[in-house]
Each structure stands twice: as C-alpha cells, then as structure tokens.
Amino acid sequence: MRVLEADLTYSNGAFQSGIGVEIDDASGTIKRVGPVSELGGERFRLRGRALLPGFVNAHSHSFQRIIRGRTQWRPLRSAPSDFWSWRDEMYAAALTLTADDIYDVARLCFLEMLLAGTTTVGEFHYLQRDESGTTYVDPLELHKCVLQAATDVGIRMVLLNCAYVTGGVGAQLRWTQRRFNTPELDVYLRNCEELKAVVTRYAHATMGVAPHSVRAVPREWLKPVAEWARSAGVPVHMHIAEQLAEVESCAAAYGMRPIELLAAEGVLDSRVTAIHATHTSAHEVALLARARAFVCACPTTERDLGDGFLPASSLHAANVRVTIGSDSQAVIDPLEDMRLIEYHERLRRMERVVLGSATNEKVTIAPTLLKMGSAHGAASLQINGGAIEAGREADLITMDLDDITLSGATRDTLDAFITLSAPATCIKDVWVAGRQVVADRQHKNAADITMRYRKVGERVW
Ligand SMILES: [Zn+2]
C-alpha cells in the first residue's frame with residue numbers, strides 16, 4: 001500500500017486539501033480516499049502539486065503522428081485544401097510505414113500523450129494489412145505493434161478494431177485504402193474474437209469494435225458488429241458526420257442521416273460513441289440523448305481540418321456525454337481539446353460561460369470540462385477509471401502548482417486555471433495502474449523513443 005498526499009486533490013467535483021489517496025499496489029487501483037491519518041501504507045508527500053485523475057483520450061490514430069507539420073501547405077494553383085486533400089496525404093504516409101515503423105511512431109505518440117497527462121488511449125486502429133495490401137500471416141500483426149508500444153511506454157489502451165470495407169457509401173475501396181481492407185464480415189468478427197483473447201496478454205489493455213464510418217462500412221454490417229460487441233461486452237466507436245459530404249451521401253443512399261441510420265438498425269445504445277458528430281441535426285442529438293450514447297469531440301483535429309464546429313450547446317442541453325480525442329495528432333494536449341469545446345461555443349454564440357453546470361447560485365465551466373477530459377472518456381471506453389474514488393483504477397497525474405501559469409490559483413479557482421488557461425507542461429507526474437511512468441516530467445525511455453522516431457521520419461519523407 002502507498003498513500004499519495006498532494007497539496008490539493010480533485011475528488012467529488014472539487015479540489016480538496018488534507019486528503020490522501022491510498023493505492024493498492026497488487027491491483028493497481030485506488031483503495032481509499034480520505035484524511036491521511038485514516039489511510040495506511042508508505043506515505044509520499046507531493047509538495048507543491050495537485051493530484052487529478054489522468055485524462056482519457058477516447059480517439060487516436062497513433063500512426064498519423066508521423067504527418068504532423070507536413071500537411072500545412074498546399075500547391076499554389078490547387079483547389080482549397082480540405083479534409084479530403086489532407087486524407088490523400090495521410091493515405092500516402094500510411095502506405096509507407098512498415099510494422100516496425102508503426103511500433104516506433106506509436107511509442108512516440110503515446111509518450112507525448114503521457115507527458116500531456118493522458119493515462120488511457122482509445123486507439124482506433126485501421127491499419128490491417130501490409131504495404132501491398134496483403135494480409136499478414138498473423139492478421140493481428142499490426143494490432144500487436146500498437147499494443148506492444150502502449151505496454152512499453154506504460155499507457156493504458158483500449159484497442160478499437162476497425163472494420164473498413166468500402167471507399168464511400170456503396171463505392172469500391174480505393175487502391176490507396178488497401179491497408180485498411182476488411183472485406184469479409186465473418187473474418188473481421190473472428191479477428192475481433194481473437195483480439196479479445198490477445199489483449200489479455202498485455203498490461204492494461206482491453207478492446208472494442210470500430211465500424212469506421214457509414215462511408216467505409218455497409219449498412220448490413222452494423223447490426224452484426226454491434227451484436228458481437230454487445231455479447232462481448234465491449235464498446236463500439238464510429239466516425240460520424242465529420243464531413244457534410246458524408247451526411248449527404250448517407251442521405252442519398254439510405255434516405256436518412258448517419259445517426260438516424262444507426263437508430264434504424266437498432267444499434268444506437270450506451271455502448272456507442274459517435275466520433276466527431278460535427279454535422280448532426282437536432283433530431284440526431286435527441287436520438288443520441290435517448291440512447292445514452294457518447295460523442296467524442298476532437299477539436300484540435302477538427303480545427304486543423306476545417307471540419308466545422310461541434311454542436312456543443314445542443315449536446316450539453318440534451319445531457320449527451322462528450323469525451324475528447326486527439327485523432328490526427330495535429331496537437332496532443334487534452335487541456336486544449338477540453339477548452340476548445342467551450343471556447344468554440346463562445347465564439348459562435350458571442351457569449352461566455354456556455355457549457356456550465358450550476359452549483360451554489362453559480363454556473364461554472366471547469367467541472368464540465370474535467371468530466372469530458374476524464375470520466376466521460378473512461379465510461380465511453382468502458383474502463384473503470386476517470387475519477388479519484390475508491391475502487392477506480394489508480395490512473396493519476398499531478399500539476400505543478402509552482403508553474404508560473406498557475407500563479408494566483410486558489411483551491412476554488414484551480415480547476416478553472418487548469419481547464420481554461422494552463423499549458424500541458426504544468427503536468428509533472430503520471431501514474432498508470434498505480435505505477436509511476438512519468439516523474440518530474442521525465443520518462444525513462446524518452447531518449448530511445450525519440451531517436452527511433454526521428455529515424456522513421458527521416459526515412460519516410
Ligand atoms: Zn478519427
């Protein structure tokens with residue numbers, strides 16, 4: 001047993017002083033939270049630091065970290081750059097990476113996440129085949145690369161196994177999409193079954209399913225994939241309505257919008273997380289709310305790609321739980337993703353304090369944003385984390401109260417300082433399942449991870 005005692009600890013929706021967190025080392029979970037005098041075990045005093053639940057990144061494609069900074073231009077005489085032209089560049093990168101490269105890029109990506117306070121990543125994994133489009137001898141070869149990367153870096157992972165069948169609604173897969181190809185439903189479900197057993201061999205890994213989108217998965221796949229997830233007790237994540245063209249092609253083919261299609265197929269329930277949900281109608285927001293489904297916003301990616309704004313006010317009013325994701329890895333900073341959800345609404349509506357919750361005659365933002373950053377992501381990925389409570393996973397981070405950006409913060413204002421102003425460089429320590437993986441901003445394998453990542457970057461570009 002160990003007891004972590006910080007100056008301030010975020011528990012039950014507020015920062016509190018004088019309390020400790022007792023960790024059960026055998027299970028990696030929080031045993032008790034309360035006054036230090038009532039807790040047992042070796043005591044670790046975290047002076048000048050605040051303790052919070054680690055952040056949950058519910059939507060990541062780790063290999064896309066390799067294109068950061070390389071797509072921020074366009075040919076002088078081309079049509080305007082957008083999601084679709086970015087996607088062509090992303091495909092080009094995806095086609096160059098070997099299995100070893102995918103491991104090295106994932107390690108760097110997960111290291112950056114840990115340093116930014118992310119303790120769980122939902123990895124939406126759609127690289128299935130080799131560079132030529134041929135199935136590996138082991139169909140889970142690349143899944144194992146990212147699982148090993150997560151294990152070696154020390155981050156918790158929910159590996160979301162992607163189904164990718166078509167190149168658009170009713171369209172053939174394009175040659176540039178050959179690495180993603182999962183053409184047969186029974187083979188895909190068999191791989192899911194095998195993956196469910198495989199993840200148990202990795203520390204802190206579980207799995208889920210990810211029918212890529214209505215663009216990439218035929219309607220008739222939705223029900224059997226969701227039914228498999230229900231029987232296996234795992235989450236279902238799906239890109240939904242990131243682009244207007246997707247909504248339009250869905251409506252043209254099926255006579256309904258993407259979330260309406262999920263509802264019509266009987267697959268929209270509390271296991272489902274709609275990634276992006278940028279272009280959703282009021283009717284679709286109501287469907288999400290009724291199903292207790294989640295939305296994963298990825299605002300640092302959505303602003304990079306010019307996708308549009310999340311209908312955050314409507315989702316908030318309907319009590320739809322929103323989570324965050326780093327998606328394309330244009331930026332890896334959960335604090336930035338959280339705050340953009342609020343700040344984008346302020347810019348759109350020309351008002352302040354939009355997504356708040358009421359306590360003691362005040363409407364405040366920070367508790368809502370912290371739930372998006374931790375508790376909602378954990379629930380979406382079906383892990384028992386996201387809060388400092390007895391019985392939860394001991395996935396924890398500290399913030400440096402001596403950092404200049406937090407100067408002037410009090411117990412009552414620290415949550416607002418963190419969620420709406422502070423940079424991720426304030427994060428000092430990280431524990432996953434009770435094991436410290438970042439201490440004073442240092443990770444023991446950082447030099448090797450960055451050196452190998454640089455070599456991949458030099459070779460593929
Ligand atoms: Zn995505």
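The values are calculated or read from the model by the stated rules, or taken from the named source; none is laboratory data. Small disclaimer: the values here were computed from a predicted structure and weren't measured. Note that we place each Cβ from the backbone using ideal geometry, even for glycine, and neighbour counts take in every protein chain shown.
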* Enumeration of residues in segment 9-27 that are under 20 Å from ARG411 (Cβ atoms) and not in a strand (DSSP E or B) -> ASN12, GLY13, SER17, GLY18
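Provide a single number: the residues in segment 150-181 that are of a type in the set (Val, Ile, Thr), surrounded by fewer than 24 Cβ atoms within 10 Å (Cβ to Cβ) and in a helix (DSSP H, G or I).
Residues in segment 150-181 being of a type in the set (Val, Ile, Thr), surrounded by fewer than 24 Cβ atoms within 10 Å (Cβ to Cβ) and in a helix (DSSP H, G or I): 2 in total.
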* Asked: Hey, does segment 133-149 have a residue that's surrounded by 16 or more Cβ atoms within 10 Å (Cβ to Cβ), modelled with pLDDT of 95 or more, in a helix (DSSP H, G or I) and within 16 Å of the ligand (Cβ to nearest atom)?
  -> yes
* Asked: Could you say which residue among ARG32, ARG77 is farther than 21 Å from CYS296 by Cα, of a type in the set (Lys, Arg) and touching a Leu at 6+ places or on another chain (Cβ under 7 Å)?
  -> ARG32
* Might you let me know whether segment 47-54 holds any residue that is at negative phi, free of Cβ contacts under 8 Å to residues at least 40 places away in the same chain and more than 16 Å from the ligand (Cβ to nearest atom)? => no
* To do: Would you please list the contacts, defined by Cβ atoms under 7 Å and residues six or more apart or on different chains, that run from a residue in segment 292-312 that is modelled with pLDDT of 95 or more to a residue that is of a type in the set (S, T, N, Q) and more than 15 Å from the ligand (Cβ to nearest atom)?
  => ARG292/SER270; ALA293/SER270; PRO311/THR280
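Report the residue count in segment 242-258 for those that are more than 15 Å from ASP82 (Cα to Cα), touching a residue at least 12 places away in the same chain (Cβ under 8 Å) and either within 16 Å of the ligand (Cβ to nearest atom) or of a type in the set (Asp, Glu) (or both). I'd like the intermediate steps shown before the answer.
Keep residues of segment 242-258 that are more than 15 Å from ASP82 (Cα to Cα), which gives 247-258.
Restricting the remaining residues to those that are touching a residue at least 12 places away in the same chain (Cβ under 8 Å) gives 247, 249-250, 252-254, 257-258.
Right, trim to either within 16 Å of the ligand (Cβ to nearest atom) or of a type in the set (Asp, Glu) (or both) and you get 258.
Residues flagged as more than 15 Å from ASP82 (Cα to Cα), touching a residue at least 12 places away in the same chain (Cβ under 8 Å) and either within 16 Å of the ligand (Cβ to nearest atom) or of a type in the set (Asp, Glu) (or both) within segment 242-258 amount to 1.
Among residues belonging to segment 335-362 that are among the acidic types (Asp, Glu) and closer than 30 Å to ARG107 by Cβ, point out the one that is nearest to the ligand (Cβ to nearest atom).
ASP337
Within segment 416-461, can you find the residues that are in a strand (DSSP E or B) and either touching a residue at least 12 places away in the same chain (Cβ under 8 Å) or in contact with a Ser or Thr (Cβ under 9 Å, 6 or more places away or on another chain) (or both)?
Step one: of segment 416-461, the residues in a strand (DSSP E or B) are 427-432, 435-439, 442.
ILE427, LYS428, ASP429, VAL430, TRP431, VAL432, ARG435, VAL437, VAL438 - these are the residues of segment 416-461 that are in a strand (DSSP E or B) and either touching a residue at least 12 places away in the same chain (Cβ under 8 Å) or in contact with a Ser or Thr (Cβ under 9 Å, 6 or more places away or on another chain) (or both).
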* Would you check if there is a residue in segment 115-126 being of a type in the set (Gly, Ala, Ser), on the phi > 0 side of the Ramachandran plot, in contact with a Phe, Trp or Tyr (Cβ under 8 Å, 6 or more places away or on another chain) and more than 16 Å from the ligand (Cβ to nearest atom)? => yes
